[in-house]
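The values are calculated or read from the model by the stated rules, or taken from the named source; none is laboratory data. As the structure is a computational prediction, the values presented were derived from the model and not from experiment. Note that we place each Cβ from the backbone using ideal geometry, even for glycine, and neighbour counts take in every protein chain shown. With ligands, DNA and RNA removed, areas are computed over all heavy atoms of the protein, side chains included. Shrake-Rupley method; radii C 1.70, N 1.55, O 1.52, S 1.80 Å.
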Amino acid sequence: MDPTTDNAGDAGDPGTARSSLEALRAEIAKAVVGQDPAVTGLVVALLCRGHVLLEGVPGVAKTLLVRALASALELDTKRVQFTPDLMPSDVTGSLVFDARSAEFSFQPGPVFTNLLLADEINRTPPKTQSSLLEAMEERQVTVDGTPRPLPEPFLVAATQNPVEYEGTYPLPEAQLDRFLLKLTIPLPSREDEINVLTRHAEGFNPRDLRAAGIRPVAGPADLEAARNAVAKTAVSPEITGYVVDICRATRESPSLTLGVSPRGATALLATARAWAWLTGRDYVIPDDVKALALPTLRHRIQLRPEAEMEGVTADSVINAILAHVPVPR
């Protein structure tokens with residue numbers, strides 16, 4: 001029996017939506033091994049209407065992860081390979097002259113999708129990188145003065161390689177701040193890597209997700225119901241103060257030249273609410289804030305050069321702040 005048919009009558013029920021989103025992990029695991037934290041991060045971003053920066057060395061299934069998520073959610077997905085010669089119109093679309101009607105018509109670009117995979121976003125110049133800013137922030141594209149809304153839901157999952165910097169254009173802080181989460185995709189453990197090779201030896205084809213058995217377990221209606229439920233998740237004044245104290249501590253850290261902005265504090269509160277709802281609660285506790293602090297804040301701070309030379313990392317600074325900021329009771 002098709003579970004999507006079974007749940008059709010319950011679409012819009014928060015309990016059903018939570019169960020459907022929890023089923024994503026098992027479904028995506030049919031194609032991607034050992035990346036549960038990244039799957040959870042992508043779901044949190046969808047619930048918060050945010051975007052995700054995926055960082056990892058080549059070959060750790062970043063592209064496969066996004067494609068598998070789109071298949072399990074029954075969402076449209078498109079991939080753009082960012083290169084030095086890519087133009088903004090290659091992403092957003094452009095006006096094309098129609099000889100038959102003697103008029104210009106708009107030809108939508110790949111950004112008109114639900115899940116856009118911006119592969120190696122730091123390999124394209126700032127002019128093309130910035131073509132995504134309006135889409136990410138306003139969820140529309142303006143061409144020739146006419147705004148055109150993007151589909152709903154809409155998520156940008158951008159990837160970048162953390163070890164290869166030749167021929168790249170680092171994302172400016174203003175654009176990094178537009179990403180809700182920065183997720184690091186680690187190399188698999190020995191057991192997980194053996195599992196990957198065993199699947200390939202048995203005929204697994206990463207280009208054919210249907211043959212791998214991935215089927216839709218949730219859809220846009222579940223996402224909308226989940227978002228409505230997340231918006232009702234209670235946040236006490238003590239939790240709000242805790243989030244603010246953490247972000248203010250980054251601005252006073254001697255290891256940083258740039259701390260977390262109020263936009264970052266808002267993002268941390270939003271992701272903590274989404275995580276609280278996913279774990280089955282209708283209120284936020286300090287552990288929810290701690291759980292999402294690293295992926296939400298690590299790309300919003302800037303280390304001092306001398307701190308980097310001493311081996312300090314963004315994650316270590318945030319962990320130190322979490323250890324020192326008083327936790328509300």
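With all protein chains in place and a 1.4 Å probe, the accessible surface of segment 108-150 carries 50 percent carbon and sulfur. The gain in end-to-end length when the Gln107 to Asp144 segment is fully stretched comes to 12.1 nm, 0.36 nm per residue minus the alpha carbon separation. One chain, two ends: Tyr283 and Asp208. Fully extended at 0.36 nm per residue, the span grows by 23.0 nm beyond their Cα-Cα distance.
What does the charge count near Phe179 come to, summing +1 for each Lys or Arg and -1 for each Asp or Glu among other residues with Cβ under 12 Å from its Cβ?
Here the charged neighbours net out to +1.
Simple point charges give the picture: +1 on the Cβ of Lys and Arg, -1 on the Cβ of Asp and Glu, and for segment 207-267 a dipole about the Cα centre of about 260 debye. Solvent-accessible surface of protein heavy atoms, probed at 1.4 angstrom with all chains present, puts Val80, Val327 in the order Val327, Val80, largest first. On the basis of the beta-carbon distance and an R0 of 45 Å, Thr198 and Leu258 show a calculated FRET efficiency of 0.50.
With Cα atoms as the point set, segment 90-133 shows a radius of gyration and Dmax of 13.4, 40 Å. Report, in listed order, any pair from Lys127/Lys232; Lys127/Lys290; Lys30/Lys127; Lys30/Lys78; Lys78/Lys232 with a Cα-Cα distance greater than 28 Å. Over 28 Å Cα-Cα: Lys127/Lys232; Lys127/Lys290; Lys30/Lys127; Lys78/Lys232.
A simple charge model with +1 on the Cβ of Lys and Arg, -1 on the Cβ of Asp and Glu and nothing else charged puts the dipole of the chain at about 300 debye relative to its Cα centre. Taken as Cα centroids, segment 64-118 and segment 195-221 sit 24 Å apart, rounded to the nearest whole angstrom. Of Pro305, Pro14, Val60, which is farthest along the charge dipole of the chain in the positive direction, counting Lys and Arg as +1 and Asp and Glu as -1 at C-beta? Towards the positive end, the residue furthest out is Pro14. Considering only Thr77, Ala38, Leu294, the residue lying farthest towards the positive end of the dipole of the chain is Leu294, judged by Cα position with unit charges set on Cβ. The candidate values are (i) 34, 21, 19; (ii) 29, 24, 19; (iii) 30, 27, 22; the one derived from this structure for semi-axes √(5λ) of the Cα gyration tensor in Å carries the label (iii).
Each residue of segment 90-102 was assigned a 3J(HN,Hα) from its phi angle through the Karplus expression (A = 6.51, B = -1.76, C = 1.60, θ = phi - 60°), giving 5, 9, 8, x, 7, 7, 10, 7, 9, 5, 5, 9, 6 Hz with x at Gly and Pro. Kirkwood radius, segment 127-254, all distinct C-alpha pairs, inverse of mean reciprocal distance: 20.0 Å.
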